[in-house]
């Protein structure tokens, strides 16, 4: 199952790489997507710790942006990022 999930993370990693430079190789990007996009992470944060889906999605965006994209890349609308504390305080 995990090999299958990892293999399928290469497609979004390539999609990101085709749209601009990555901080890491495509293979490493796929591994990062595989780990951070794990259903186990979602379960732990949402079911065990009580995060909302919106909080999880915002934090995932922040982590992926920091891990995959070069410094100074802002993917949010309006160019205004949110801190982790801002995201978590929206409970």
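Each row is one residue, and each column tells you yes or no for (1) modelled with pLDDT under 90; (2) surrounded by fewer than 15 Cβ atoms within 10 Å (Cβ to Cβ); (3) in contact with a strand residue (DSSP E or B) (Cβ under 7 Å, 6 or more places away or on another chain).
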position: 33; (1), (2), (3): no, no, no
position: 41; (1), (2), (3): no, no, no
position: 53; (1), (2), (3): no, yes, no
position: 62; (1), (2), (3): no, no, no
position: 69; (1), (2), (3): no, no, no
position: 74; (1), (2), (3): yes, yes, no
position: 85; (1), (2), (3): yes, yes, no
position: 90; (1), (2), (3): yes, yes, no
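Pairing each residue of the stretch 4-16 that is touching a residue at least 60 places away in the same chain (Cβ under 8 Å) with any residue that is loosely packed, with under 11 Cβ neighbours inside 10 Å and not in a helix (DSSP H, G or I), provided the two are 6+ apart or on different chains, yields no C-beta distance under 8 Å.
Please enumerate the residues belonging to the stretch 1-28 that are closer than 13 Å to residue 65 by Cα and over 15 Å from the mean Cα position of the chain (by Cα).
Quick first cut of the stretch 1-28, residues closer than 13 Å to residue 65 by Cα only: 13, 16-17, 20-24.
Once the filter is applied, which keeps residues that are closer than 13 Å to residue 65 by Cα and over 15 Å from the mean Cα position of the chain (by Cα), the stretch 1-28 yields 20, 21.
Taken over the stretch 31-59, the residue count meeting the criterion of being touching a residue at least 24 places away in the same chain (Cβ under 8 Å), in a helix (DSSP H, G or I) and within 11 Å of the chain's Cα centre (by Cα) is 6. Only one entry in 24, 48 is modelled with pLDDT of 95 or more, surrounded by 11 or more Cβ atoms within 10 Å (Cβ to Cβ) and at negative phi, namely 24.
The values are calculated or read from the model by the stated rules, or taken from the named source; none is laboratory data. Computed from a predicted model, the values in this text were never measured in an experiment. We place every Cβ from the backbone using ideal geometry, glycine too, and count neighbours over all the protein chains shown.
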